[in-house]
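**Q** Sharing a structure below in C-alpha cells format, with a few things to ask.
The values are calculated or read from the model by the stated rules, or taken from the named source; none is laboratory data. Given the structure is predicted, the values throughout are model-derived calculations rather than measurements. Reconstructed Cβ throughout: ideal geometry from the backbone, glycine too, with neighbour counts over all protein chains shown.
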Amino acid sequence: MHTPTLHRLSRSALYVLTLMAVIISVFPIFYLLLLSIKPAHLTFDPGTWIFEPTLANYEAVLEGGDFVKYMINSLTISFATMLVALALGTLAAYGFARFKFRGRFWLRMSMLIPQMLPPITIIVPLYVLFMNLDFLDTRHGMVIAYLTFTLPLATWMMTGFFEDVPVELEESAMVDGASRLGALLRVSLPIVAPGLAATAVLAFIYSWNEFLYAVILTGRESRTLPVTITSYMTNKAILWGRIAAAGSIVLIPVLAFAMLTQRYLVRGLAGGAVKG
Amino acid sequence: MIGLVLILIYPLGYSLWLAFHQWTLRTFRQGVPYVGLDNFTDLIQGEDFTGALATTGTFMFFAIVLEFVLGMGLALLLDQNLRGQRLFRSLILLPMMCTNVVIGLTWRLMYNYEYGVVNYFLNMVGIDSVAWVSDISVVMLSVILVDVWNTTSFVALLLLAGLQALPEEPFEAARIDGASAWQRFVHLTLPLLRPAILVALLWRVIDTFRIFDVIYLLTAGGPARKTETVSIYVYRYGFKLFDLGFAAAASYLMILIMLIMAIVLTTMIGRTSSD
C-alpha cells in the first residue's frame, strides 16, 4: 500500500525540482525582456510585474546613434565567418573522419587547442599585426579574428558527424563511378546536413555573441552589437531601459536558433569528445 | 590546415617575439627594444599577476565544484522521463547560449543594491539587502553564482548524454543483488560515467580559466581587484595601459598553464576511452 503513494510523492518532488531549475534558468532572461518593455518610470521598481507595456526603449535604441549600422555589421561579420568556417571546416573534417593515419587521436585533440586558448592571448599579437596591416576597425579583420575559434570548432564538430556516416555508402558510390569529391557532395553531405546546420548555427552564434575581440579590434566603423550595448553605460548613468531593449534584440535570434537546433547542438558539443 | 597555421601559429609566434621586447603605445614608433626576460621577471615579481592567478584559481574551484554537483543532480532529474522532458531540456539550455555581455549586464542590474530584483526577493522573505557587487567579502560569491547559472546546464547536458549511453545490465544485476539507489550511484553510475565527467571537466576548466566578459561587465574586476581574473589582468595591461610586450609575456604564461591543464585532462580522457 505504501509504495505507490511514496512513488507518487517522490514523482511530484522530482517535478518540483525540475520546475525550480527551469524557473531559475529562465528568470533572468524573462526579467530582461520584461524590463525592455517597462515604462521608464518603473525601471527602478523591481516589484511591479503588471503594467502597460511600451516600445519606447526599442524606439530609442533603433533611432538613436548608429545602432542599425552596427546591427548590419554584426550580421555581415557573423555570416561571413560562418560561411568560411563551414567551407574549410567541412573539408578538413572529412579528411579527419575518412583517412586513418598515425597520431590521429592527438592530432584531433590538438584541434581543440585553438578553441581552448584564452582569447586574450590571441588578441594581444593580433592587435599589433592588425595595426601594421591596417586591419584594425575593419569588417574583414573581424572575420579573420573570428575564424581563429570558429574554424577549429567547425572542424571538430563536423568530424564527429562524418564519422557517423558509414564508409560503405561512399565506397559503393565510388564503385558506381563517382569521384571522392562527388561521393562527399552527393552521398555524405546530405546525410550530415542536420549536423552541418547545427555547426552553422553555433559558428554564427559564437561570432554574434563575441565581445572581447570586438571591443579591442573595432572602432566607430566595424563595431558589433555586444560592444554597442555597453555604450549605454555612460559616465553619467547606466541607461537600463535601452540596455534591456538592445540586449533583447541581440538575444532573441540566438535563443530562437538554439531552440530549433538544440538536439544537434548538444550532440555536436559533446559529440566527438565523448566518443574519444 | 594551412589556413589554420596562418591565422593561429603566426600570431602566436609573433606574440612570443613581443614577449621579449618592450612595446608600448607611447614608445613603439621609436623602435621596439629587446629586453630579454625582463617582462617575465616583472610579472612573477609583481603581486598583481600572482594575485590574479589566485583569484582565477578560487573562482575556478568553487564554480566548477558547484556546477558539477548541481549539474549531476540536473542530469539525473532530466533522465527520469518526466512528462514535458523535451521542453524542460530546451528551457534549461537557454542560459548557456546567451550573449555574455547581456548576461553580465542583466545580473549587474539584478544584483543592484537598491533596485535589484535579487534583493527585492530577499527582502520579501525577510532577509536584509546584500551589496552583491560592491562588498569585498561577497563579490566572489556573486561572480561564481552567475557562472553557475550560466553553465550548469552545459555540464548537465554532457552528463545526461553520458547517462543515456550507459548499459542497462549492470544496474539490473545490482538491483537484484539488493544494492540501494545510493550504492548503485556511487559504485556504478559514477565510475561508468567517468569519460563524460572528464570531458565536461576539461571544458569547464578551460572556460573558467579564461573567463572575461561576464566578470568584466559585472564588476570590471573590482572592487579593489577582488575579482580580477588573469584575462582581465592581461586586458588591463594590454589595452588600458598599452604595454603590449608585458601583456604578451603574461599571455604566454597563461597559455603555458592552460596547456598543462589540457594535456593532463586529455591524457586522462585518452586513457579511459582506450580502456
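**Q** Could you pull out the residue among A:I205, A:I229 that is under 28 Å from A:T155 (Cβ atoms) and within 9 Å of another protein chain (Cβ to nearest Cβ)?
**A** Every option except A:I205 fails the conditions.
**Q** Output the number of residues of segment B:235-267 satisfying the condition of being aliphatic (A, V, I, L, M) and in contact with a Pro (Cβ under 8 Å, 6 or more places away or on another chain).
**A** 4
**Q** A follow-up question, please. Looking at segment A:94-122, I want the residues that are free of Cβ contacts under 8 Å to residues at least 12 places away in the same chain and at the interface with chain B (Cβ under 7 Å from one of its Cβ atoms) and have a partner that is outside any helix (DSSP H, G or I) and among the aliphatic types (A, V, I, L, M) with Cβ atoms under 7 Å, at least 6 apart or on another chain. Which pairs are those?
**A** Listed pairs, sorted by first residue: none to list.
**Q** If you don't mind, there's one more thing I want to ask. What do you reckon, is A:A198 at pLDDT 90 or above and either among the charged types (D, E, K, R) or buried (at least 20 other Cβ atoms within 10 Å of the Cβ) (or both)? Can you show your working first?
**A** Numbers: at pLDDT 90 or above: no; either among the charged types (D, E, K, R) or buried (at least 20 other Cβ atoms within 10 Å of the Cβ) (or both): yes.
No, not satisfied.
**Q** Also, quick follow-up: Please go through segment B:89-127 and pick out each residue that is of a type in the set (F, W, Y) and either part of a loop (DSSP other than H, G, I, E, B) or surrounded by fewer than 23 Cβ atoms within 10 Å (Cβ to Cβ) (or both).
**A** Once the filter is applied, which keeps residues that are of a type in the set (F, W, Y) and either part of a loop (DSSP other than H, G, I, E, B) or surrounded by fewer than 23 Cβ atoms within 10 Å (Cβ to Cβ) (or both), segment B:89-127 yields B:Y111, B:Y113, B:Y115, B:Y120, B:F121.
**Q** Does B:W203 count as of a type in the set (F, W, Y), out of contact with any helix residue (DSSP H, G or I) (no Cβ under 6 Å at 6 or more places or on another chain), within 11 Å of chain A (Cβ to nearest Cβ) and on the phi < 0 side of the Ramachandran plot?
**A** When the stated conditions are applied, B:W203 passes them.
**Q** Just one of A:L86, A:L91, A:L14 is more than 30 Å from A:I191 (Cβ to Cβ) and either at the interface with chain B (Cβ under 10 Å from one of its Cβ atoms) or surrounded by 12 or more Cβ atoms within 10 Å (Cβ to Cβ) (or both); which is it?
**A** The match here is A:L14.
**Q** Return yes or no: is A:P125 within 28 Å of B:L25 (Cα to Cα), at the interface with chain B (Cβ under 7 Å from one of its Cβ atoms) and within 17 Å of the chain's Cα centre (by Cα)?
**A** no
**Q** Also, quick follow-up: Kindly establish whether A:L184 is within 24 Å of A:L147 (Cα to Cα) and either of a type in the set (S, T, N, Q) or over 16 Å from the mean Cα position of the chain (by Cα) (or both).
**A** Yes; evaluated as a whole, the condition is true for this residue.
**Q** Across segment A:44-67, what is the total count of residues that are surrounded by 18 or more Cβ atoms within 10 Å (Cβ to Cβ) and either in a loop (DSSP other than H, G, I, E, B) or touching a His at 6+ places or on another chain (Cβ under 7 Å) (or both)?
**A** 1
To keep it simple, each residue is scored yes or no on (1) of a type in the set (S, T, Y); (2) more than 11 Å from every other protein chain (Cβ to nearest Cβ).
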| position | (1), (2) |
| --- | --- |
| B:F88 | no, no |
| B:I92 | no, no |
| B:P95 | no, no |
| B:W107 | no, no |
| B:N112 | no, no |
| B:G116 | no, no |
| B:Y120 | yes, no |
| B:A131 | no, yes |
| B:I136 | no, yes |
